[in-house]
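Heads up: the structure comes next, in structure tokens.
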Amino acid sequence: MPSSRASTKVIVIGGGGTLGSSTALHLLRAGYTPSNITVLDTYPIPSAQSAGNDLNKIMGVRIRNPVDKQLSLEARDMWRNDEVFKPYFHNTGRLDCAHTSESIASLRKSYEAILKAESGLEKTHHWLSTEDEILARAPLLDRQQIKGWKAIYSEDGGWLAAAKAINSIGQVLKEKGVTFGFGRAGTFKKPLFDEDGATTIGIETVDGTQYFADKVVLAAGAWSPTLVDLEGQCCSKAWVYAHMQLTPEEAAEYKECPVVYNSELGFFFEPNEKGVIKVCDEFPGFTRFKHHQPYGASSTKLISVPRSHAKHPTDTIPDESDASIRRAISAFLPRFRQKELFNRALCWCTDTADANLLICEHPKWKNFILATGDSGHSFKILPNIGKHVVELIEGTLAEDLAESWKWRPGSGDPLISRRAAPARDLSGLPGWNHEEPSDDDKDVKDVAVSLASVKIGENMAEKVVEDRGRVGVKVLA
């Protein structure tokens, strides 16, 4: 493959999101001809319906297994040193907390695993056993709220300016001359095959445009199971977030505050440069099961189908989510418990049963590559995951990575994955107000019209919606 890089054509579906944009970047870095790389997405980079199009994401080293550890350490080094990513890593530290006997025992087990993991992690992670030790790392936490808490403090942790980092990739792709397709011309409909019916030669989008290539990469995140039949390997789920606006004086007090995470409450980040704090609750996620027939399925099946705020900006969040986010605020930031919340929204990811990625060639469609199954933990590997997708394309992917990411239907239940409980369906949940389902093609057509004035690679992360009272509108500040 290296000798043919200059002539090989590659299509990346979902190229405006996390795994897709990283793949496009590493195709460039590997020497593929820019005009032979086609990035397709319903929205420009950073794609408005990508989970990565977000204010911020948690950064930390994950050592659940050797593959996770390898990817985390690779990514950490790139966030620190790679000029495309370095400006978007805020190394404020990370505080993982627990307050029940069960969660403390689990946290202690995690700490002991860190001590055995080598790679210098034992020097950058610290066990905090008292309120005083926790407050020394995060002095603006409330002593009364953290009684009995234990914590791990990670010097390697912090947060990532997510949308801005993907946009940084978009700028590189634009400058190098990568081919783009957005709106209806960027929305996947079906693969195209050679006369044998099994060798992929391109794809067709919903407007009828046909793109031809030697390799096709499907990296559509939570939308992947709705586009092609993954045989139950992935289940798309939503988590909830909300923003709070701080005054300049309040924001200054929280500057350089570590990310604070509690497995039974949620987490929050330091204010960004505009004084906005993001708060999330922690729970097993929501699904949205519908009868749907992805390409390759012989009939309709029950699939959790994402519903993005990009297409449905007036959707609200369930009442229980609003209440649990308020509980998290009361524990982490009690002085702000009366603050108005805005941009309350759902963020869609897709889980596999074992929380490992699904990165492999489709077993029935030659040259059709899957890159999905983020399981809610993949943004931190934005800088490096695309390198390994390119290795798969070229047939050089390491054996341990290939084994971890292989096609594996029937290997477990992605509805629960490795979380505390199965996800619950949104249907019938009080407070989740949403329009009646509309025709998807019409939605995409409307999107295409709205993108007429958008320049490819424009910094969408800087487009701030000022109407903070509007519930459910995803705002990047």
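Any read-out appearing in this document is the output of simple, stated calculations on the displayed coordinates, not a laboratory observation. From a predicted model like this one, the values you see are computed outputs, not experimental measurements. Because the Cβ atoms are built from the backbone with ideal geometry, glycine has one as well, and the counts that use them run over all protein chains shown.
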Convex hull of segment 1-124 built on C-alpha atoms - directionally averaged projected area, nm²: 10.4
Averaged over all viewing directions, the convex hull of the alpha carbons in segment 335-411 casts a projected area in nm² of 8.0
Lys, Arg +1 and Asp, Glu -1 on Cβ, resulting dipole of the chain about Cα centre, debye, nearest 20: 220
Determine the dipole magnitude for segment 152-294: charges of +1 sit on the beta-carbon of Lys and Arg, -1 on that of Asp and Glu, nothing else is charged, the reference point is the Cα centre, and the result goes in debye to the nearest 20. 560
Sorted from fewest to most neighbouring beta carbons within 10 Å, what does the list LEU357, LEU246, LEU115 look like? LEU115, LEU246, LEU357
Segment 66-143: Kirkwood hydrodynamic radius (Cα pairs, Å) comes out at 14.6
How big is the dipole moment of segment 309-379 about its Cα centre under a simple scheme where the beta carbon of each Lys and Arg is +1, that of each Asp and Glu is -1, and everything else is neutral? Debye, nearest 20, please. 260
Kirkwood Rh, Cα Rg: Rg to Rh for segment 217-326? 1.09
Among MET78, SER35, PHE89, the residue whose Cα sits farthest towards the positive end of the charge dipole of segment 1-117, when +1 is placed on the Cβ of each Lys and Arg and -1 on the Cβ of each Asp and Glu, is MET78
Assuming 0.36 nm per residue, please report the length gained on full extension of the stretch GLU256 to GLU175 beyond their Cα-Cα distance. 25.8 nm
Cβ crowding within 10 Å averaged over residues, with 195-201, 350-356 ranked highest first: 350-356, 195-201
Over all directions, how big on average is the projection of the convex hull of the alpha-carbon atoms in segment 1-43, in square nanometres? 2.7
Relative contact order for the chain, counting Cα pairs under 8 Å that sit 6 or more residues apart, in percent: 22
Most exposed first by the Cβ proxy, i.e. fewest other Cβ within 10 Å, how do SER7, SER308, SER330 rank? SER7, SER330, SER308
Can you tell me the Rg and the Dmax, both Å, for the Cα atoms in the chain? 21.6, 70
Pairs of alpha carbons in segment 167-244 whose separation is greater than 21 Å (percent): 46
Restricted to Cα positions, what overall size does segment 387-440 have along the principal axes? Three whole-Å values, descending. 49, 31, 19
Select from ILE277, LEU382, MET59 the residue farthest towards the positive end of the dipole of the chain; place +1 on Cβ of Lys and Arg, -1 on Cβ of Asp and Glu, and compute about the Cα centre. ILE277
Footprinting exposure proxy for MET78, MET59, MET244 (fewest neighbouring C-beta atoms within 10 Å first): MET78, MET244, MET59
Relative contact order as a percentage, segment 149-291, C-alpha pairs under 8 Å and 6+ apart, gives 16
Kindly flag which residue pairs out of LYS190/LYS237; LYS176/LYS387; LYS150/LYS237; LYS150/LYS274 have an alpha-carbon separation exceeding 25 Å in this structure. LYS150/LYS237; LYS150/LYS274
With an 8 Å Cα cut-off and a minimum separation of 6 or more residues, compute the relative contact order for segment 251-399 in percent. 13
Largest first and to the nearest Å, give the Cα extent of segment 127-265 along each principal axis. 69, 38, 25
Evaluate E = 1/(1 + (r/R0)^6) for LEU429 and GLU122, where r is the Cβ-Cβ distance and R0 equals 41 Å; express this FRET efficiency to the nearest 0.05. 0.40
What share of Cα pairs, in percent, lie more than 23 angstrom apart in segment 271-428? 52
Show me the ranking of peptides 185-191, 369-375 by mean Cβ neighbours inside 10 Å, starting with the highest. 369-375, 185-191
For segment 374-427 and segment 290-338, compute the distance between their C-alpha centroids and round to whole Å. 21
Highest first, please rank the peptides 15-26, 100-111 by the mean number of other Cβ atoms sitting within 10 Å of their residues. 15-26, 100-111
